[in-house]
Amino acid sequence: MPDAETLLQRPPGQLLARGVARHLGSLGFASVFEFVPARGLRVDVLAIGPKGEIWVIECKSCRADYAGDRKWQGYLPWCDRFFWAVDASFPEEILPEDTGLIRADAYDAAIIAMGTETPLPPARRKALTLKAARTAAERLLRAEGAV
């Protein structure tokens, strides 16, 4: 586990992702950071729930970070629910109403709004779940120096 000084040197979006993953973990979700569901897309957090539900969370550290995001709607076909994760100072009123909202910091998070649920087709869910599992396993092996 990183010490507080090392942790705070990370970019703000990574700190939000960390808090989101910690909170979702307490709800039984397993998270993968910077996951690529399809060519040209990279989500900040892909979380798979205890019932197989798939959530995508995009972490935004400020208004400019949000304004520069042109791809987020392309993530919708790759999840059952889509969320924005922001810190307490973010202007939440600029976010689309039908999306979910998570307020986070580096240590924890709270789900503020669930947003619209759009269940994935079974074949896509299976493919995404398998890809997330393989991605996580490959990253763990690399971290252990096994590959």
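Observations, loosely collected:
- Segment Thr118-Glu97, length gained on full extension (0.36 nm per residue, minus Cα span): 6.1 nm
- Residue among Ala113, Trp72, Ser26 farthest towards the positive dipole end of the chain, charges placed on Cβ: Trp72
- Residues in the range 24-63 reached by a label modelled at Thr129 [backbone nitrogen below 15 Å; 7 Å Cα→Cβ]: 29-31, 47-55
- Amide N proximity, the range 33-53 versus Ser26 label position 7 Å along Cα-to-Cβ, cut-off under 17 Å: 50
- Cα-based radius of gyration of the chain once divided by 2.2 N^0.38 Å, which approximates compact folds: 1.02
- Residues whose placed amide H lies under 5 Å from that of Glu53, excluding near-sequence neighbours: none
- Under 21 Å from the Cα of Lys51 - lysines, other chains or at least 8 residues apart: Lys126, Lys131
- Dividing the mean sequence gap of close Cα pairs (under 8 Å, 6+ apart) by how many residues the chain holds gives a relative contact order of 21 percent.
- Packing-based order for 27-37, 135-145, using average beta carbon neighbours within 10 Å, highest first: 27-37, 135-145
- What you get for the range 1-141, charging only the Cβ of Lys and Arg (+1) and of Asp and Glu (-1), is a dipole of about 740 debye around the Cα centre.
- When DSSP beta bridges are restricted to pairs lying wholly in the chain, around 60% turn out antiparallel.
- Length-normalised contact order of the range 26-107 in % [C-alpha pairs under 8 Å, at least 6 apart]: 22
Since every read-out is calculated from the coordinates, none of them should be taken as a lab result. This one's a predicted model, so the numbers in the text were calculated from it and none came from an experiment. Ideal geometry is used to build each Cβ from the backbone, glycine not excepted, and the neighbour counts take in all protein chains shown.
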